Each structure stands twice: as structure tokens, then as C-alpha cells.
Amino acid sequence: MGIPVKLSVFEGPLDLLLHLIESNKIDIYDIPIVMITDQYMEYIRAMESRDLNVMSEFLVMAATLLEIKAKMLLPAEVDEEGEEIDPRAELVERLLEYKMYKYMAYELKERQCLADRVFYKQAAIPEEVAAYIEPVDLEKLMSDVTLQKLNEIFQATLRRSEDKIDPVRSKFGTIEKEEVSLEDKISYVEEYLSNNKRFSFGALLAGEAKRSKMHVIVTFLAVLEMMKMGKITVYQDGIFEEILIESKEVHTEVVENVSIK
């Protein structure tokens, strides 16, 4: 924890500079650096303390003021935008920041003094009083209630309930997963094939109890799988014509008969 530096009335070099600016009624944004530096140096020479830990901070600020004083005598520097750089800008920013914290400290100290004058008394309510619950008088409570008012409350409650319903999702109904097995569809096609050697894909679907989109897709996959297995032959007479399915045995017999002729 740092040791606070307090010499005479001033706490550090910034406090001394701020005092000089305020006592001379100088605009903090336009500090006459020559005059302030001379007054600051006079105060340094008059300091009774020779403690280096205390003097070092004041001497560093004195060096800073002398540096700014020297820069003020030289031609002004220009930044990238073509504007002159004020050597006092950084010092002004530090003084404003210090002034803000100083007045904030005064405000907190004042609040601390006011807080010392505040006293609190703990609650001393008897348990019987704290546990008391006033009985409800139903006649008094329902004295101004009419059927019309009850109906208005009921209708308002219904409207609030309707507002909470999503107008789109509420009409979706229950979404259930439809279990369709490819193996079951292959068995169904084989069974249908045992009774019908040549048929259309539409006739195959017409024989099913369920003809949802999922059942149609899986049935089509079952037909493709049986083609891959070499059990059936699939063809069309033309584009967009009915898909015809034929047992491989029948197709083989027809090919053999054509070959013999």
C-alpha cells in the first residue's frame, strides 16, 4: 500500500499545479506555461522538506514543465492532418483527470459524513402481529360483482388464451413417425408377384392397404432392389407411361420362345 504524499496543503505535484491554475483564475485549456512554471519553481525552492521520496515527484513535474516551456519557444509541430500539436495537451488531460477524481473524493467523503448521522432500528414487531392474516370478507369482496362483469372477465380470459395459440402450428395436428420396412415391402412384392406374373406399378400400389408417400417410396425402392436381385424386369412402353413389372421367369420364357421361332 502506497504512502500518501502531503506537503503543506498539497498532495503531489498535480494538486499544486491545479491550485496555481485556480488561484490565478487561468483557463485550464490555455495554461500560460511560462508563468505557471516560474510559480511552480518558486514553490519548489521554498519547500522545507528534503525527503527525496517526496521531492522526486515534484522534481519530475518541474522537468516536465521546463520541457513544455522549451517546446513552446520552438516552432510548432504539425500532425498528420496538418494541425499544430499543443505541447500542453497531455498535461491538461492529466490535470482534468486528477480534478475529476479529486471532486469525486470530496463527494464520497461528504456522503460518508452524512452516513455517520444515519441510524437504523431493527424491526421489533411481535410474532403474533407479524403472523396475523386479515380474514377475507366474501360479501364485501363480491359486493360489486355482477353477471355482466363476470362475463367480461371470462371473455377477456378466452381472448388471452386464443392469443397464445400459434395460428399456423396449432393446425399441424399430431406428427407421428411412420414405420416402413424395406424388407416388408420386398416380401409384399414377392407375394404379389407369385399371384401376378405381369403387372403395373400402379396396380402394385393399389393392392396395398396404406398408400402414403412413404409407402410409395419404399415400395419403389423394393422394386429396384428386386431388379438388382434379378427377380423381376421393369420397362416402359414410352416416356411418362405406366411402369410395367414382369417376373424374371416369364420374361425368360418369352425370350426362349422368340429364339426358337
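Per-structure values
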| read-out | value |
| --- | --- |
| Nearest-0.05 FRET efficiency for Ala115 and Glu84, computed from C-beta distance (R0 41 Å) | 0.25 |
| Likely footprinting exposure, Leu18, Leu96, Leu73, fewest C-beta neighbours within 10 Å first | Leu73, Leu96, Leu18 |
| ³J(HN,Hα) computed for each position of segment 181-195 - Karplus, 6.51 cos²θ - 1.76 cosθ + 1.60, integer Hz, glycine/proline x | 9, 5, 4, 5, 5, 5, 4, 5, 5, 5, 5, 5, 5, 5, 9 |
| Proxy reagent accessibility, fewest Cβ within 10 Å first, across Val180, Val136 | Val136, Val180 |
| Gain upon complete extension [Ile133, Glu241; 0.36 nm per residue less C-alpha separation] | 30.4 nm |
| Residue-span extension gain [Glu77 to Arg45] - 0.36 nm each, minus C-alpha spacing | 8.3 nm |
| Table column - 3J(HN,Hα) (Hz), segment 109-115, Karplus curve with 6.51, -1.76, 1.60, x for Gly and Pro | 5, 5, 5, 5, 5, 5, 5 |
| Neighbour-count order for Lys25, Lys248, Lys228, fewest beta carbons within 10 angstrom listed first | Lys25, Lys228, Lys248 |
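Every number here is computed from the coordinates shown, using simple stated rules; none is lab data. Keep in mind the model is a prediction, meaning the values are calculated, not measured. We place every Cβ from the backbone using ideal geometry, glycine too, and count neighbours over all the protein chains shown.
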